[in-house]
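Undergrad: Handing you a structure now.
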Amino acid sequence: MLRPASTSERDVHAHLLRDSRRLPREQARARESWFDALSSERKEETLFELEMLLKGLVCFGNPRNHPGPPARSVPPEHDHHAELRIVRDALERAGALCRVLLGERTQTSTFARSLGGALPEDAARSRLVKEPLSQGTPDESLLALRSAFGDFVELADGLLRAGRVPERAFLALHATITREVGRNAYFDPLVTLEFRPEFDRLRSPEALEALHAISSEAAHRVAALTFLALSRALRYVALVEVCAAEGESVRRAYVLLAVLRSDLRALTRFLSRRAADQIADGAEHELLALDAAHLSAHADALEAQLRGLARLRAVLDTVASTLRVEMRKAFERDVPPPAPDLPVAALAPQLIVVAAQVRAALQHALRVLCAELRPAAPPPELALDAEARRAASERLRREVWMFVQVLRAFDAKASASLESVDRWAGAGSFSFVRDFLQHFRAIGYQLVRLGDYGRLEPFLASLESLRDVDLLDRARMAAATAECRALHTWLEALFAAVSRRAELAGAPFDKRDAAETLRIYLAAG
């Protein structure tokens, strides 16, 4: 399990970038050559926005990716005028980005398209129709997208002028858009947790060094995937802010929010359901590959590495839980659902605030991972404006308050169990212990690790002693309760210290918002 010599930046996630793509090797090479030949100074930003709009258009068709209270299904009588307006704006923007990437090829295509209407022969018309369907090169794939999206905009405009947009008409158009994106040869971004070498790179030196510190190859791959997904999500947030600042384009932000929610849902599911198994399986494989002499000579180092993997698994659980709660809070409470009478002037400021809150959560996740992997190193230098700093401090203060409530509930139940005379109560009577351990992994672990809690080891030992205990052990329960009360005192001091930060000056603690967030967290669990 001891890692070989350090690797270059590309080696950190080169295999992940290659293996996550479904593009055949020859097409991948053609796309890379095409991208390298582009002369635009903003070619990376343009291609990223285009592909995320393509993915967002598909994700927006799923009502689960819309803001608003969760609903099992959309009523058949629902008017999809607002949703179609959003899709239409995103299609128009995607077409414009295709034109930017095509450059001079756009003029040739436009001329041929206008000429088609004047040709008298059906054979000639058919050739012009079939030409955009050929996708032998990236440019031809872009031409196919631009041509199709121009038609889709015309269809959307016709439906919007007709008045009410029925569900079947909206779904039919969306299904056509999805097929067009899904069958594009070079620009199909619909694979879950897929990354592209043109724009998915880790730019933080601290994150790269943190990845180098991981000894296990399996854990290295899981961490690299997490870093790349978080970095991409930060770019989604930046695009949402751009839309919010451009006035009428603010509706297009709903498409970007849809892909943000879809990608983070995929990430949190991976971290919650598959990451631990991949780390454990990789560690087992590497251990079995060692000979007995190596095991004896490096027993202490191997034990330390395994403890580090266990801590990494706990941090990934924390990241998943935090992001899940932040997404539910943003989408169910803070962003209004699409509506025909949606006031654009009021929506833009709301999106700016939500973007700052989500960015703070994403940057916090990156810092938590870096701090776990390289505890002695300084945290990564992430750009934080005043709004983002305030949002980060508010989030920390809110999470401290939330875990204090969890501690109080555990203390009350533990005290009641100590007063019980029935030592042989069923295991279900002590399910609150396992619930508390889950809440600690989801919320408390990051607080005590990042806050450098002085009694971390005794606290963790007291919790570990309660794990899988079916009978009431008064001594263990009393020790755990005492440690929880000590942590409660420390958290109250931390709450007060965070409240004194400069960015929170004049900002009283919103207990109602914190209580609602705690409710969302408990419901999500």
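Undergrad: What does the net charge come to around GLU248 if you take all other residues with beta carbon closer than 13 Å to its beta carbon, with K and R at +1 and D and E at -1?
TA: +2
Undergrad: Given points 7 Å out from each Cα along the Cα-Cβ axis, report the LEU306 to ALA376 separation in nanometres with one decimal.
TA: Rounded to a tenth, the inter-label distance reads 2.4 nm.
Undergrad: Apply the a/c threshold of 1.5 to the C-alpha gyration tensor of the stretch 339-418 and tell me whether it is rounded, prolate or oblate.
TA: Here the stretch 339-418 falls in the oblate category.
Undergrad: Could you calculate the FRET efficiency of SER39 with GLU248 from 1/(1 + (r/R0)^6), where r is the beta carbon distance between them and R0 is 30 Å, rounded to 0.05?
TA: The computed FRET efficiency comes out at 0.50.
Undergrad: Can you give me the % of accessible surface on the stretch 321-371 that is carbon or sulfur? Probe 1.4 Å, all protein chains present, nothing else counted.
TA: 63
Undergrad: Within the stretch 323-347, which residues have the backbone N less than 17 Å from the label spot 7 Å out from ARG512 along Cα→beta-carbon, could you tell me?
TA: Hits in the stretch 323-347 for ARG512 at 17 Å: 333-335.
Undergrad: Which FRET efficiency, nearest 0.05, do GLU104 and ALA505 yield, Cβ-Cβ r, R0 51 Å?
TA: Between GLU104 and ALA505 the formula returns 0.40.
The values are calculated or read from the model by the stated rules, or taken from the named source; none is laboratory data. Everything numeric here is computed off the predicted structure, so don't read it as measured data. FYI the Cβ positions are ideal-geometry reconstructions off the backbone, even for glycines, and counts take in every protein chain you see. We work out accessible area using only protein heavy atoms, side chains counted, and drop any ligands, DNA or RNA first. Shrake-Rupley method; radii C 1.70, N 1.55, O 1.52, S 1.80 Å.
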